[in-house]
Amino acid sequence: MHAPIVVDDSAPHLTMDAPSPDGRVRVTVRGELDISAAPALERTLRRALRCAARGVDLDLGGTTFCDCSGLNVLLAARRRALEHGRTLTIRTAGPAVRHLLTVTGTWPLFTPGEHALNHDEQALRNEVVQLRRAMQTRPAIDQARGILMATFALSPEDAWDVLVRVSQNTNTKLHVLAGELVGTAEDGGLPDGMRQQVTAVLATLPASGAEESAPDAAP
């Protein structure tokens, strides 16, 4: 095990180890990985990729929360790594990270051994295309979360939890559900079916003062 050589002063839960003999660098993230922590993670991953001859290994076992802003950073770093002939893999992931990557369909992109460096050029190009497509779904997901926050007076964390759980309950991919929610909201409000699904999930959340706001309520 190599002692950490970098600790980002703006995010004490981020550390970067010295390169190992096989040319890999480990980055460890502890605590919440949200929009406030995303810039520090991006800086650390850029630095790690510059130091790594072969790639970067992520230890996210202690990451207790991760939202779309954190996933955006991971996807962008993965793309940069591929374009420079390196890999970015998740070696350890806590339940929050594993759940997010599973529901967004991006888990295989970070699985060790799934995308080795001996892939030919076409395989690498295909993976870059997958990453770009995955990143294109993020704006809709963020908009959908914002709609839930405004309509039901939710915190960012609760809105994300509701979105994910409705996705699971309806067996709908997260980005598809987000697109539908954004589309229906732009047409004048949530349809009864969508509202019932959200309300059912809200009823299972711990009491946090989340209440449905008046503007989108039926007369």
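The values are calculated or read from the model by the stated rules, or taken from the named source; none is laboratory data. These figures come from a predicted structure and were not determined experimentally. Here the Cβ positions follow ideal geometry from the backbone for every residue, glycine too, while neighbour counts run over all protein chains shown. The protein model used for the area step is the full one, side chains on, heavy atoms only, and it has no ligands, DNA or RNA in it. Shrake-Rupley method; radii C 1.70, N 1.55, O 1.52, S 1.80 Å.
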Just the accessible area per residue of the range 9-78, please: how many Å² with a 1.4 Å probe?
-> 37 Å²
Solvent-accessible surface ranking, highest first, for Ser36, Ser20 at 1.4 angstrom = Ser36, Ser20
What's the local net charge at Asp59, with K and R +1, D and E -1, over the other residues with C-beta under 14 Å away?
-> +3
